[in-house]
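Please read the structure below before turning to the comments.
What follows is calculated from the coordinates using simple rules that are stated; it is not laboratory data. None of these values were measured; they are calculated from a predicted model. Every residue, glycine as well, gets a Cβ built from its backbone with ideal geometry; the counts of neighbours run over all protein chains shown.
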Amino acid sequence: MATDCTGNPHNCQLLIAVTSLHRDRCGESGITDPNAVVNAMAVGLVEEIWRNGPVEGMHSGRRGPSDAAMFAESTDLQVQAVHALRSPSREQGLLTFEQHLLDRNRPWAGTGGRNLRDLGYGYLGDYARHIKSRTNTMLNLNAHSCVDDPLEVYLVNRALTMGHDHKGMPAWAIIVDRIGTLLESPHHPAWHDDLRGEEARTHMPPDIVSVEALKATLLDQPSDLSDDVLSWLSDYFLYSAAPPYSRFKWDTPGTTRPCKQVR
């Protein structure tokens, strides 16, 4: 660990403090190999640069992306973020990711082909400034030498704090498995309402050929799912509407107990 870091001293203090807990937090969350680390970093990068800014205003507007589109686009961006972080030059990778986010002609996943111009009317200036500002912050952070890999330390911590159960994190496999369980067992106690489980099965889009195929796509590339499937998932399973996100471990039907892996 270098002691002659030229970065902002306040940020050095924060990075060093987070580093002291970093390995333990990774181990507790199942981030135990290089591939898991870069996937978690990518989740953190999407949270840091794209989410929790003007895109949330877009999301709440009449023209903006739906819940399903926000899920699809964020999972697609996580893949792009992995490429950026694995770039031979981290700096160039971050700038390429910035260009991807700012491309006003690129169709967003889950939107039926709409792009940033269509989705972000009234927010385009604020959106661009936010993306550039956060990218610059990441570039400055990457230049720190007070810890071995400042972006890893910062972005994994960001992912564990804001995106613990997002696609790219170890807990995502648990969520996907639970979605499969709920579809195969519409009376599972985690539904809390038998009618809800039956309703989800009844309204399952016909292009879902099997639960196993759906699970495989959710694990690998959710943005490949059709808009109809994404909307259905959003209605019944994703985030706040979802029994898969219960804090309890499912042992056998009718019993639950706390689970540390999913929160």
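Rounded to the nearest 20, the Cβ-based charge dipole of the chain about its Cα centre (Lys and Arg +1, Asp and Glu -1) stands at 580 debye. Fewest-first ordering of 212, 98 by other beta carbons within 10 Å of each residue's beta carbon gives 212, 98. Dividing the helix sum by the residues of the chain, where each DSSP H run of 4 or more adds -39500 (n - 2.57), gives a mean residue ellipticity at 222 nm of -19000 deg cm²/dmol. Fewest neighbouring Cβ atoms within 10 Å first, the residues 132, 215 line up as 132, 215. Here is the P(r) of region 11-141: all C-alpha pair distances, binned every 10 Å from 0, give 12, 40, 33, 14, 2 in whole percents.
The order of 195, 15, going from fewest to most other C-beta atoms within 10 Å of their C-beta, is 195, 15. The Cα atoms of the chain cover 61, 43, 28 Å along the three principal axes, with the biggest extent listed first.
If you wrap region 130-177 in the convex hull of its Cα atoms and look at it from every side, the mean projected area works out to 4.1 nm².
Projected label points at residue 59 and residue 92, each 7 Å from Cα along the beta carbon direction, are separated by 3.3 nanometres.
Once the Cα-Cα distance is subtracted from the 0.36 nm per residue extended length, the residue 115 to residue 192 segment shows a gain of 23.9 nm.
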